[in-house]
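Structure first, then comments.
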Amino acid sequence: MISPRSFSEAVSRLVCGVFGAFSPRDYVAEEVYLGLSALQHRGQESAGVAWIDSDRRINVIKGMGLVYEALSQSVLAETPARSVIGHVRYSTAGGSMLQNAQPICANYAKGPVAVAHNGNLTNFDALRNTLENRGAIFQSTSDTEAILQLMAHQPRRSPFEALMRALAEVEGAYCLVVLMEEGLVAARDPWGFRPLSIGRRGDNYYVASESCAFSLLGASFVRDVEPGEVILIGSGGLKSYRLPVESGKKWLCSFEYVYFARPDSIIEGRSVYEARQEMGRRLAQSESVDGVDFVASFPDSGTTAALGFAAESGIPFEAAVVRNRYVGRTFIQPTQKVRELGVRIKLSPSPSLFKDRSAVLVDDSIVRGTTAGLVVSMIRECRARALHLRISSPPVRFPCFYGIDTPSSGDLAAAKYSLNDIAKTVGADSLRYLSASAMTDAIGLPPDSLCTACFDGNYLDGDSSSSPRGCCGKIFD
Ligand code: SF4
């Protein structure tokens, strides 16, 4: 039987948002502020922007909190910068500090450089040992700094050449935006773990973790940065280069479609909204649901899949769990008592809809079960007749080594306990998950181009012995 305590720890799903803008004539710092705001779902812990001024100096503004708390829109609107990068981050509890906020800047031998990173370098420990043995002094525990340190060991090369050399030595998941005098650089690892998109409005170019950041700026989505591609955007337009390492296969994070990405984003040509809705449809196809009055969701993460479930099953959808949109991260704290209070303040079931009725409740995933257990108990207080929990992804049984701070297998509910035990602990009358094949079918990309390691333990060769490390994160369970 599951110990309730094992379900009540915090867990972070680490993602970050990166954004870059280049214009031959316009000041773009405010646009980066707006772009980061559109990527706020990928990180709420800190935000930062960097640019190079006319005196060849790096300027950086970073702060803790949401974009509007960390940065001043009015100051950025007045900032004379035509090439700017930015970052939003969410750290684990221990790593939540301003010194870990990005972009990270350095005065490289051949000019200033600033870098913002989404992902996790799986060979960071080995790189750090090698670099420290060569005399490098690390200022932070961030794996992003390893990229700058590797560049510093190429002092005779231009910053762009040094970056290409550095990226040949790193392994794992990364999407980078890098600022240097040669222009704005964006790079995606050869496996393409995390999404990275290119947008354009006239002569202005934008690079963002997700395409949803472009519409706010009136920019159009052009294409994804390809896995293993490095683009350099400068006064000569956009130039594309290939990293000098080949992966042999794509390995896009399937969890981007399940949870991380915003539903209005397009990744690898696939609408996140459509993929998520299809997951809900396929979940409904896997069973016949009788005697259920309505379908509800854990807002917002389960809502799109719940709509798909409702459409497929013919059971009406009700917005029966309400999300308080005005609660900030104040309530997401690393103590159990405050965390539970945070869930209660953020999510609230409607007693009149649940009383004496039977519902299917859809969420995107269960990691430790904290939110599921609390929400189900709140619904029980509304005297629901029956509650059937449906999860629009397979059970999460393995940790992630690619930038998502899932707990070790020993703390993952589905790794330790049977489906029935999980259902009992969270208080649901029944619990079902989407199958792995149904999830990849719903995503619609070739299954061998998707990372599904946290569901099936199928890591890239050798990565199962790596230590999970996150650059940034997002509380999700
Ligand atoms: S292990 Fe899971 S969360 Fe991590 S990259 Fe793969 S699919 Fe995404």
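Measure of size requested: the Rg and Dmax of the stretch 274-444, with Cα atoms as the atom set and Å as the unit; please supply both.
Here Rg and the maximum Cα pair distance are 15.5, 44 Å.
So what's the back-of-envelope 222 nm ellipticity for the chain, counting only DSSP H runs of four-plus at -39500 (n - 2.57) apiece and dividing by all residues, rounded to 500? Don't skip to the answer; put the middle values down first.
Working: 16 runs with 127 residues, N = 477.
Calculated from helices alone, the mean residue ellipticity at 222 nm is -7000 deg cm²/dmol.
Put +1 on the Cβ of each Lys and Arg and -1 on the Cβ of each Asp and Glu in the stretch 12-251; which of Ala186, Ala50, Thr141 then has its Cα farthest toward the positive end of the dipole?
Towards the positive end, the residue furthest out is Ala186.
Quick one: how many Å² of Trp191 are accessible to a 1.4 Å probe, rounded to 10?
Surface accessible to solvent at Trp191 totals approximately 50 Å².
Considering only C-alpha atoms, what is the centroid distance from the stretch 158-179 to the stretch 391-440, in Å?
After rounding, the separation between the Cα centres reads 35 Å.
Of Leu347, Gly280, Gly314, which is farthest towards the positive pole of the stretch 274-444's charge dipole, taken about the Cα centre with +1 and -1 on the beta-carbons of Lys, Arg and Asp, Glu respectively?
Leu347
Calculate how large, on average over all directions, the projected area of the Cα convex hull of the stretch 418-457 is; give the answer in nm² to one decimal. Show your work: numbers first, answer last.
Values: hull surface 14.1 nm².
Here the figure is 3.5 nm², rounded to one decimal.
Structure shown: which of Lys346/Lys424; Lys355/Lys424; Lys62/Lys110; Lys62/Lys239 lie over 27 Å apart, alpha-carbon to alpha-carbon?
Numbers: Lys346/Lys424 24 Å; Lys355/Lys424 21 Å; Lys62/Lys110 24 Å; Lys62/Lys239 29 Å.
Going by Cα-Cα distance, Lys62/Lys239 fall outside the 27 Å limit.
Give the whole-number value, in cubic angstrom per residue, of the convex hull volume spanned by the C-alpha atoms of the stretch 12-251. Display every interim value, and only then the final one.
Working: hull volume 27.4 nm³, N = 240.
So the per-residue Cα hull volume is 114 Å³.
Label the stretch 154-291 by shape, choosing from rounded, prolate and oblate, from the square roots a ≥ b ≥ c of the eigenvalues of the Cα gyration tensor; if a/c is under 1.5 it is rounded, and otherwise prolate applies when a/b is larger than b/c, oblate when it is not.
Details: a/c = 3.62, a/b = 1.78, b/c = 2.03.
Oblate, since a/c reaches 1.5 and b/c is not below a/b.
Over the chain, with the other protein chains present, what is the accessible area per residue in square angstrom, probe 1.4 angstrom?
Numbers: 18080 Å² over 477 residues.
Solvent-accessible surface per residue comes out at 38 Å².
Of the heavy-atom accessible surface of the chain (probe 1.4 angstrom), what whole percent is carbon and sulfur?
Numbers: 8690 of 18080 Å².
Summing carbon and sulfur atoms, their accessible area is 48 percent of the total for the chain.
Is the shape of the chain rounded, prolate or oblate, going by the alpha carbon gyration tensor and its root eigenvalues a ≥ b ≥ c, with a/c under 1.5 for rounded and a/b larger than b/c for prolate? Intermediate values should be presented prior to the final figure.
Details: a/c = 1.89, a/b = 1.75, b/c = 1.08.
Since a/c reaches 1.5 and a/b is larger than b/c, the shape of the chain is classed as prolate.
Based on the alpha-carbon set only, what is the convex hull volume of the stretch 45-148 divided per residue, in Å³?
Values: hull volume 10.8 nm³, N = 104.
About 104 Å³ per residue, rounded to a whole number.
Beyond 26 Å, what share of the Cα-Cα pairs of the stretch 215-372 is found? Please give it as a whole percent. Show your work: numbers first, answer last.
On the way: 5696 of 12403 pairs.
Cα-Cα pairs in the stretch 215-372 separated by more than 26 Å: 46 percent.
The values are calculated or read from the model by the stated rules, or taken from the named source; none is laboratory data. Quick caveat, the model's predicted, so the values are computed rather than measured. As a convention, Cβ positions derive from the backbone with ideal geometry for all residues, glycine included, and neighbour counts pool all protein chains shown. Just the protein is used for accessible areas: all its heavy atoms, side chains included, with ligands, DNA and RNA removed. Shrake-Rupley method; radii C 1.70, N 1.55, O 1.52, S 1.80 Å.
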